[in-house]
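Every number in this text was worked out from the coordinates using simple rules, so none of it is lab data. Note that the coordinates shown come from a computational prediction; the quantities given were computed from them, not determined experimentally. All Cβ positions, even for glycine, are placed from backbone atoms using ideal geometry, and neighbour counts span all protein chains on display.
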Amino acid sequence: MPKRILYTLVGAIVLILLAIGIGVYALLPTITSASASQAATPTPTPIVSATTTPAHKGSATAKILKQYAPAIKNQIAAGLHLTPDQLTAQLQSGKTLSNIATAQNNSSTQLQTIVSNAIQNVLKPAVDNGTLTQKQVDKLAKKYQSNPVLLDGFLRATASQ
């Protein structure tokens, strides 16, 4: 009789180990795929370098730009052979600067030159007195040349001043 109990006990242990093995084999891929899908996504961190400009410089540039905005608009209007009031009226009617330039027989390249010259000429006193650097003025000119929608918004805001 003791052999029979021993065989039963060993058989039960084998069945339990077999059940655990099958469970691990069946569930392990599910567990690993679930944990893999919950992997932490990397969070982008800004790279800080010695050349990073403080935020207050951008607002100072914006303040200076706002100060010179009417003169920039006047220069652009003159480049388009319009009065400042005519340019303002057309902008306020919903026309874009590109549309106005086309109506005045100016190509997009000519408009870019007009914009660049206006910004460069008007902001020259700010460069001369050290308020802005030539690099900042060049960057502003390039920014408004390459983004006509931004320039339209700038000139519309100037129109309401």
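So the values come out like this:
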| item | result |
| --- | --- |
| Those trypsin sites (Lys or Arg not before Pro) in region 68-161 that DSSP places in a loop and that have at most 16 other beta carbons within 10 Å | 95 |
| Per-residue ³J(HN,Hα) for region 10-22, Karplus 6.51 cos²θ - 1.76 cosθ + 1.60, θ = phi - 60°, Hz, x for Gly and Pro | 5, x, 5, 5, 5, 4, 5, 5, 5, 5, 5, x, 5 |
| Reachable aspartates and glutamates, given that their alpha-carbon falls under 14 Å from the alpha-carbon of residue 124 and they are not under 8 places away in the same chain | 138 |
